[in-house]
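Let me begin by presenting the structure, written as structure tokens, before commenting on it.
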Amino acid sequence: AQTVTQSQPEMSVQEAETVTLSCTYDTSESDYYLFWYKQPPSRQMILVIRQEAYKQQNATENRFSVNFQKAAKSFSLKISDSQLGDAAMYFCAYTHRGATNKLIFGTGTLLAVQP
Amino acid sequence: DGGITQSPKYLFRKEGQNVTLSCEQNLNHDAMYWYRQDPGQGLRLIYYSQIVNDFQKGDIAEGYSVSREKKESFPLTVTSAQKNPTAFYLCASRYSSTDTQYFGPGTRLTVL
């Protein structure tokens, strides 16, 4: 069965600094996708970034980028120039192309941004 | 203005009552999902539907039921058989071209 592990329950970063959130996953599939979702205090789940497993190039969305290490099954999120609005719970998620396409989530990392 | 809406935002239920959570999307997505979130945990899949008039159980379907009569709508009923229904419920739909799920704002259900 596929699993997603986030080993950092909480992280803190100073405003304008850079922070990296860690995620590892386990799968025997070859065609899959990885995501980072942000859940602010409003609790709505917001897509941050998406990575396709067959693409070697790391995905980037403005200040957000990933370090995708397929062999190591690692998928970390880097937030550059952190802003107060980045404070939220961040979830790493996995899905593979198949009958359900269900998302498998990690337990989340709570990011605090200090002014 | 495209998106996913869920109602109500907060819902209170007495023990023994069934309640229905609404989920509507105007994104023209075929697939829709219901997830449950408990404190300190990620989301877990309750039910999903890949197409109208078809749906499948997820990992924690016991005590829940769904219907999919229209493409836009995927309501979730929490029955009295669900032993611990107090949780945050999130509905999602999937954009098939990128296999990406987008979420509604959620419903907080509390059993009194």
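The values are calculated or read from the model by the stated rules, or taken from the named source; none is laboratory data. It should be emphasised that the depicted structure is a prediction, and the values quoted were computed from it without experimental measurement. Neighbour counts are summed over all protein chains in view; Cβ atoms, including those assigned to glycine, are modelled from backbone coordinates with ideal geometry. Calculation scope for accessible area: heavy atoms of the full protein, side chains included, ligands and nucleic acids excluded. Shrake-Rupley method; radii C 1.70, N 1.55, O 1.52, S 1.80 Å.
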Inter-residue pairs, beta-carbon under 6 Å, first over 20 Å from residue A:108 (Cβ atoms) and in the range A:44-69, second among the aromatic types (Phe, Trp, Tyr), 6+ apart: A:52/A:33; A:53/A:32; A:58/A:68
In the range B:66-102, the residues that are surrounded by 19 or more Cβ atoms within 10 Å (Cβ to Cβ), over 20 Å from residue B:31 (Cβ atoms) and at pLDDT 90 or above: B:78, B:85, B:87
Qualifying residue in the range A:102-110 (condition: modelled with pLDDT of 95 or more, in a strand (DSSP E or B), within 14 Å of chain B (Cβ to nearest Cβ) and buried (at least 17 other Cβ atoms within 10 Å of the Cβ)): yes
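So that you can scan it fast, the table gives a plain yes or no per residue for (1) open to solvent by less than 50 Å² (accessible area, probe 1.4 Å); (2) more than 14 Å from chain B (Cβ to nearest Cβ):
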| position | (1), (2) |
| --- | --- |
| A:53 | yes, no |
| A:60 | no, yes |
| A:63 | no, yes |
| A:66 | yes, yes |
| A:70 | no, yes |
| A:74 | yes, yes |
| A:78 | no, yes |
| A:82 | yes, yes |
| A:91 | yes, no |
Residue in the range A:33-81 that is nearest to residue A:102 (Cα to Cα), counting only those that are touching an Asp or Glu at 6+ places or on another chain (Cβ under 8 Å) and of a type in the set (Phe, Trp, Tyr): A:33
Residue satisfying all of: in the range A:23-39; at pLDDT below 95 and assigned to a loop (DSSP other than H, G, I, E, B); surrounded by the fewest Cβ atoms within 10 Å (Cβ to Cβ) among these: A:28
Residue A:20 over 11 Å from the mean Cα position of the chain (by Cα) and either surrounded by 14 or more Cβ atoms within 10 Å (Cβ to Cβ) or in a helix (DSSP H, G or I) (or both): no
Residue in the range B:85-103 that is closer than 29 Å to residue A:52 by Cβ, touching a residue at least 24 places away in the same chain (Cβ under 8 Å), within 11 Å of chain A (Cβ to nearest Cβ) and not in a strand (DSSP E or B) present: yes
Tally of residues being crowded, with 23+ Cβ neighbours inside 10 Å, without any contact (Cβ under 8 Å) to a residue 24 or more places away in the chain and not aromatic (Phe, Trp, Tyr) across the range B:20-50: 0
Counted residues, the range B:62-71 - those being within 12 Å of residue B:33 (Cα to Cα) and either without any contact (Cβ under 8 Å) to a residue 24 or more places away in the chain or assigned to a loop (DSSP other than H, G, I, E, B) (or both): 2
Filter result for residue B:4 (of a type in the set (Val, Ile, Thr), closer than 21 Å to residue A:48 by Cβ, out of contact with any His (no Cβ under 7 Å at 6 or more places or on another chain) and at pLDDT 95 or above): yes
Some residue of the range B:51-58 being open to solvent by 60 Å² or more (accessible area, probe 1.4 Å), closer than 19 Å to residue A:103 by Cβ and touching a residue at least 24 places away in the same chain (Cβ under 8 Å): no
